[in-house]
Structure formats: structure tokens, C-alpha cells
Ligand SMILES: [Fe+2]
Ligand SMILES: [Fe+2]
Ligand SMILES: [Fe+2]
């Protein structure tokens with residue numbers, strides 16, 4: 001599909017519908033403002049001319065009154081006609097004031113309307129987003145085996161979309177908004193599975209032909225569910241239209257052998273082309289009731305073989321360019337799953353992955369502040385890995401940690417000593433071991449640079465530290481306070 005066709009298909013699908021309305025609104029407001037400014041300027045000028053004329057009239061009358069009485073016939077030239085400059089300046093000053101006043105009122109009105117409009121739009125976005133997350137969670141609940149599949153695949157979409165937009169062909173279509181929409185839309189891709197019976201959805205073995213036909217219907221059903229929602233909304237957000245396209249077409253194949261409609265090539269919406277690869281990569285790598293996990297290299301090979309048959313060639317090329325980032329992301333989530341103990345609950349809500357809570361507090365302001373600082377850094381790393389910036393952030397985190405641990409451990413150990421903490425030695429040993437591990441990671445970073453393995457190792461190290469030390473052992477420091485009270 002060429003750029004023009006792509007854009008047309010997006011417009012047809014309503015992708016740019018919402019933006020058009022926004023643009024129309026602002027164009028209208030701007031035109032109104034210009035018309036108003038022009039009217040005031042022209043009106044002011046006419047008024048000025050009129051006042052000016054009136055001043056001349058007054059001057060003429062005065063000069064006539066000053067003419068010598070008793071003269072017969074020609075009264076002569078009389079005194080020169082002069083305009084009262086001060087009065088004229090006063091009128092101009094008043095006019096300017098009135099003009100500025102009206103302009104200020106108009107600007108306030110404009111701001112007020114814009115504010116109301118923005119708030120309404122914000123509410124609309126929030127409502128539609130919440131609805132999507134509720135629906136997505138519903139689908140996830142039915143299909144427990146997928147774990148963090150939704151979270152990972154939406155992040156793969158961001159990475160792949162970012163890589164594809166570098167191609168001239170997609171520059172007009174894939175902008176920041178497209179990628180944001182893809183991220184929001186992705187969790188709904190399998191919403192149609194809510195209609196698939198449990199004995200098929202959760203079957204721990206291969207499906208029969210009949211069962212497979214039923215299973216395949218999830219794509220069409222998902223498309224129908226979302227189409228119904230879109231039809232009922234006056235102003236559906238573009239990401240809803242995108243989620244409909246992904247739900248309906250993520251099992252289409254580039255050569256036309258997919259389902260439900262057997263679309264081929266660029267007739268498949270771009271978002272569905274991208275998401276199809278994300279979904280498949282994650283499914284291949286994950287353990288499912290009916291199959292074991294597969295290594296990253298094997299997954300890469302399988303996807304490369306399907307270039308031009310199952311997947312769009314451009315999408316596979318983009319994947320090859322950033323496959324290591326997908327690897328980092330997948331492995332990082334394995335870390336979260338392994339140590340998952342409720343600390344990462346917030347991920348699907350779009351907020352920070354780890355949320356500080358009072359239950360982690362030691363009760364010493366400085367120590368608690370330092371722990372929160374580390375959590376902020378870990379959240380930044382998680383976001384960076386999701387956005388394909390894992391290496392840069394890992395480098396920054398390593399630099400940060402080298403200074404942080406020295407200062408933080410000194411604070412904690414000093415505190416333990418002052419309060420004669422019974423487990424001081426054991427606690428200090430753990431600190432020292434962590435410093436040694438960090439030194440080793442730093443040495444690897446120096447010698448071999450940052451690769452996917454290092455990103456995953458650092459990620460694993462800090463997450464484990466958070467869960468096994470800060471949330472568990474450091475909490476014991478509270479005892480110091482209680483016993484010394
Ligand atoms: Fe699916
Ligand atoms: Fe600590
Ligand atoms: Fe500690």
C-alpha cells in the first residue's frame with residue numbers, strides 16, 4: 001500500500017476523525033478572533049475619523065465666532081483654523097483603552113472555552129481508556145496462561161512502530177499519536193476470546209479441527225464487539241478504531257491465507273500488520289498449556305522464514321533491526337514474573353510499575369527517601385526497557401548505583417550501629433555482597449559494553465534487591481526504632 005492509500009484507509013477507518021474535529025474547532029476559533037480584531041480596528045478607525053471631523057467642525061465654529069463684528073461684506077481671512085491636539089490625544093487614548101478592554105474580554109472568553117473543551121476531551125479520553133482497560137482485564141482473566149502477554153506485546157508495538165517510522169514510506173502515517181494509540185489499543189486484541197468456551201480456550205493440548213474453527217472466531221467476534229462500541233459513541237477516539245482493526249485483523253497473513261477475511265498485503269491495516277508480529281513473537285517465546293517456550297534465536301529464525309508469507313516484509317525487517325530490544329523486554333518481564341509478589345500490580349494501569357507504600361517504610365526519613373529514590377530509578381528503567389531505551393537507562397542506572405550504594409549503605413549501617421542493631425553484621429554482609437555484584441557488572445560493562453544480557457542482568461539484580469532486601473530485610477530496621485524507644 002502506498003502512503004496515499006495508507007492514509008486513506010486510516011481516514012476511512014476513522015483514525016484521523018477525532019483530530020479533524022479538533023483542528024476544525026481551533027480553525028473556527030482563530031477565524032472568529034481575526035474577524036473580531038478586524039472589526040474593532042476598522043470600527044476604531046471610522047470612529048477616529050468621525051471624532052477628527054467633529055474637532056474640525058468645532059474649530060471652524062470657534063473661528064467664525066471670533067470674526068470681527070460690524071464688518072460689511074468681506075470679513076477677510078480671520079484667525080487660522082487650529083485643531084485642539086490635546087482633545088484629540090485624549091480621544092485616541094480612550095479609544096485605545098476601550099479596544100484593549102474588549103480584546104482582553106475576548107481573549108478570556110477564548111481561554112475559557114478552550115479550557116472547558118480540553119477538560120471535556122480529557123474526560124472523554126479517560127472514560128474510553130478506562131473502558132478499554134476494563135475490557136482487556138476481562139479478556140485476561142479468562143485466559144490466565146497469557147500472564148503479562150498484554151503488557152509485553154503492547155511494548156513490542158511501541159518499539160516496532162518506532163523502527164518502522166524511520167522508513168520514508170511510513171513517515172506520514174506513523175507519528176507519536178499512532179504509536180500511543182497502538183500502545184493503548186493492543187490489550188484488546190483478543191477480547192473476542194470472551195466468547196470462546198473454557199474447554200477450548202484452556203485446553204492443554206492441540207485443538208481438533210472443529211475446536212480450531214471455534215477458536216478462530218475470536219478475531220471476528222472481537223471486531224464486532226468493538227465495532228458496536230464505536231457505533232454508539234459520537235466521537236470515538238482513534239485508538240478505539242485501531243483496537244477494532246487489531247482485534248479483527250491480527251490473524252490475517254500477508255499472503256492472504258489468514259483469517260477472518262483473508263486480507264492480503266497492505267489491505268491489512270498497518271496496526272494489525274505490526275501487532276501480528278508482536279503477538280506471534282511473544283506467543284512463540286512463552287510457555288503455553290499446549291507447548292513449551294522457545295529461545296529468542298529460534299523465534300527470530302521462525303519469524304524471518306515467515307517474511308512475506310505470514311508477516312509484512314517491512315515489519316519483519318524492522319523486527320530484525322530491533323530484535324535485541326524485544327529480547328530485553330521479554331527477559332525483563334520474566335524477572336518481574338519470577339519475583340512477582342504484588343509489587344508490579346500497577347503495570348496495566350499505566351502508572352509506575354513499583355509504587356511506594358507506607359508498609360515499606362523504615363521510619364527514618366533519610367533511609368526512606370533513599371529507598372524511594374531507588375524505586376524511581378527502577379521505574380525509569382522499566383519504562384525505558386518498554387520503550388526500547390533499555391541500554392541508555394541501564395548505563396545511567398549503573399552510574400547512579402555506584403554512588404548511591406556507598407551513601408545509602410553508610411546511612412543504614414551508621415543507623416544500625418547507633419541503635420545497637422543485633423543483626424548488624426549479617427545485614428552489612430548483604431550490603432557488601434551487593435556492592436561486589438555491582439562491581440562485577442560494572443567491569444563487564446567496561447569491557448564488553450552494554451548488550452541485551454547486561455540490561456537483563458542489571459534489571460534482575462535491582463528488582464531482586466528491591467524485593468528481597470528493601471521490602472524484606474530493610475524493614476527489619478524498624479525494630480531498631482521500636483527497641484530503642
Ligand atoms: Fe488472537
Ligand atoms: Fe536499604
Ligand atoms: Fe539494607
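The values are calculated or read from the model by the stated rules, or taken from the named source; none is laboratory data. Worth saying up front: this structure is predicted, and the values here are computed from it rather than measured. Virtual Cβ from ideal backbone geometry, glycine too; neighbours counted across all protein chains shown.
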Point to revise | Residue ID - farthest from ligand 3 (Cβ to nearest atom), chosen from residues in segment 393-422 that are surrounded by 15 or more Cβ atoms within 10 Å (Cβ to Cβ) and not in a helix (DSSP H, G or I) | key: 419
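With the structure loaded, tell me whether residue 447 is without any contact (Cβ under 8 Å) to a residue 60 or more places away in the chain and either outside the structural domain of residue 328 (by TED's automatic domain parsing) or within 11 Å of ligand 3 (Cβ to nearest atom) (or both) or whether it fails that test. Explain how you work it out, then say what you get.
Details: without any contact (Cβ under 8 Å) to a residue 60 or more places away in the chain: yes; either outside the structural domain of residue 328 (by TED's automatic domain parsing) or within 11 Å of ligand 3 (Cβ to nearest atom) (or both): yes.
Judged against the criteria, residue 447 is a match.
In the list 454, 381, 438, which residue meets the criterion of being assigned to a helix (DSSP H, G or I), within 16 Å of ligand 2 (Cβ to nearest atom), out of contact with any strand residue (DSSP E or B) (no Cβ under 8 Å at 6 or more places or on another chain) and not assigned by TED's automatic domain parsing to the domain that holds residue 156?
Answer to the check: 438.
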Revision key, fill the gap. If we keep only residues of segment 287-314 that are under 30 Å from residue 199 (Cβ atoms) and touching a helix residue (DSSP H, G or I) at 6+ places or on another chain (Cβ under 7 Å), then the residue surrounded by the fewest Cβ atoms within 10 Å (Cβ to Cβ) is 289
Study note, to complete from the structure: Flagged in segment 310-326 as in contact (Cβ under 8 Å) with a residue 60 or more places away in the chain, within 21 Å of residue 263 (Cα to Cα) and in contact with a strand residue (DSSP E or B) (Cβ under 9 Å, 6 or more places away or on another chain), in numbering order, are 315
Review point. Does residue 390 qualify as being closer than 19 Å to residue 331 by Cβ, away from ligand 1 (no atom under 16 Å from the Cβ) and surrounded by 14 or more Cβ atoms within 10 Å (Cβ to Cβ)?
Key: yes
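With respect to residue 133, is the statement that it is touching a residue at least 12 places away in the same chain (Cβ under 8 Å), out of contact with any strand residue (DSSP E or B) (no Cβ under 8 Å at 6 or more places or on another chain) and over 18 Å from residue 247 (Cβ atoms) true? It would help to see each step written out before you state the result.
Numbers: touching a residue at least 12 places away in the same chain (Cβ under 8 Å): yes; out of contact with any strand residue (DSSP E or B) (no Cβ under 8 Å at 6 or more places or on another chain): yes; over 18 Å from residue 247 (Cβ atoms): no.
It is false that residue 133 is touching a residue at least 12 places away in the same chain (Cβ under 8 Å), out of contact with any strand residue (DSSP E or B) (no Cβ under 8 Å at 6 or more places or on another chain) and over 18 Å from residue 247 (Cβ atoms).
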**Study point:** Wholly enclosed helices (runs of 4 or more DSSP H) of segment 155-269 bearing at least 3 residues under 20 Å from residue 125 (Cβ atoms) and either within 15 Å of ligand 1 (Cβ to nearest atom) or in the same structural domain as residue 310 (by TED's automatic domain parsing) (or both)
**Key:** 176-185, 209-232, 238-249
Check your understanding: With 463, 473 as the choices, which residue is farther than 22 Å from residue 328 by Cα, more than 16 Å from ligand 1 (Cβ to nearest atom) and not assigned by TED's automatic domain parsing to the domain that holds residue 334?
Key -> 473
Review point. Looking at this structure, is residue 353 crowded, with 19+ Cβ neighbours inside 10 Å and at pLDDT 85 or above?
Key: no
Check your understanding: Within segment 450-468, restricting attention to residues that are surrounded by fewer than 16 Cβ atoms within 10 Å (Cβ to Cβ) and within 16 Å of ligand 3 (Cβ to nearest atom), which residue is nearest to residue 399 (Cα to Cα)?
Key -> 464
